[in-house]
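A short worksheet on the structure shown next.
The values are calculated or read from the model by the stated rules, or taken from the named source; none is laboratory data. Please read all numbers here as calculations on a predicted model, not as lab measurements. Cβ atoms come from the backbone with ideal geometry, glycine included; neighbour counts cover every protein chain shown. For the accessible areas, the whole protein counts, side chains as well, though only heavy atoms, and no ligand, DNA or RNA atoms are used. Shrake-Rupley method; radii C 1.70, N 1.55, O 1.52, S 1.80 Å.
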Amino acid sequence: MAAFRDMEEVSQGLLSLLGANRAEAQHRRLLGRHEQVVERLLETQDGAEQRLREILATEKEVAQGLLDAKEQAHRGGTELQQLEAELQKASEEDSRLKASLLQLTRELEELRDIEADLERQERDVDEDTTVTIPSAVYVAQLYHRISKIEWDYECEPGMVKGIHHGPSVAQPLHLDGTQLSKKFVSDYLWSLVDTEW
């Protein structure tokens, strides 16, 4: 820019020297045109510098926008990784819960089968009891009438206790079935029965 200013000063100096003659007038015209061209050049240069400043400002804004976008993309990538990790954990938990549900379903089916078996057994027992208990009661009542023994059902296992209501006196019974043979216990109990009918 300083070179253009120097050219302008030189041009004006030449104009003042050559102003006396015609060649000088023509030269002045040329110098005037030259001056106009130089002024246009300076105006163009100022405009170019202004545009350059605007372009640099725009480039700076675009560069900042790119940096911001890159930072945002990085944050988005980190969030995506966190979401993928959470999704993986949720998927594992879902698989664990499905396995647990399957196990519980199997156990429920087993319990239903057991319940059905128990109901069937209960029906069978009810049917058997309906038939067996009256006959068992009859046998027990018949044996009680014949033997006249009142049993102690609350005695310890292996012990035989009760009261025999004999012809004249009631006698307590107390036999240790763990030390005596079953045959002896049976023979002794039948020996108490009055066989004279």
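Mind checking which residues of segment 158-186 are in a helix (DSSP H, G or I) and open to solvent by 80 Å² or more (accessible area, probe 1.4 Å)? Break it down into steps so the answer makes sense when it comes.
Taking segment 158-186 first, the residues in a helix (DSSP H, G or I) are 182-186.
Selection gives LYS182, LYS183, PHE184.
Quick one: which residue in GLU35, GLU61 is charged (D, E, K, R) and either in contact (Cβ under 8 Å) with a residue 24 or more places away in the chain or open to solvent by less than 100 Å² (accessible area, probe 1.4 Å) (or both)? It would help to see each step written out before you state the result.
Working: GLU61 fails: either in contact (Cβ under 8 Å) with a residue 24 or more places away in the chain or open to solvent by less than 100 Å² (accessible area, probe 1.4 Å) (or both).
GLU35 is the lone residue from the list that is charged (D, E, K, R) and either in contact (Cβ under 8 Å) with a residue 24 or more places away in the chain or open to solvent by less than 100 Å² (accessible area, probe 1.4 Å) (or both).
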Look through SER95, SER147 and report the one residue that is among the small types (Gly, Ala, Ser), modelled with pLDDT of 90 or more and open to solvent by less than 80 Å² (accessible area, probe 1.4 Å). SER95
Scanning segment 39-90 for residues that are acidic (Asp, Glu) and in contact with a helix residue (DSSP H, G or I) (Cβ under 9 Å, 6 or more places away or on another chain) gives GLU39
Checking GLU43 against (1) under 30 Å from GLU8 (Cβ atoms); (2) among the acidic types (Asp, Glu); (3) open to solvent by less than 100 Å² (accessible area, probe 1.4 Å), which test does it fail? (3)
Hey, any hits in segment 156-176 for a residue that's in contact with a Cys (Cβ under 6 Å, 6 or more places away or on another chain), modelled with pLDDT of 80 or more and of a type outside the set (Gly, Ala, Ser)? yes
Quick check on my filter: what residues within segment 142-157 are outside any loop (DSSP other than H, G, I, E, B) and without any contact (Cβ under 8 Å) to a residue 40 or more places away in the chain? LEU142, TYR143, HIS144, ARG145, GLU150, TRP151
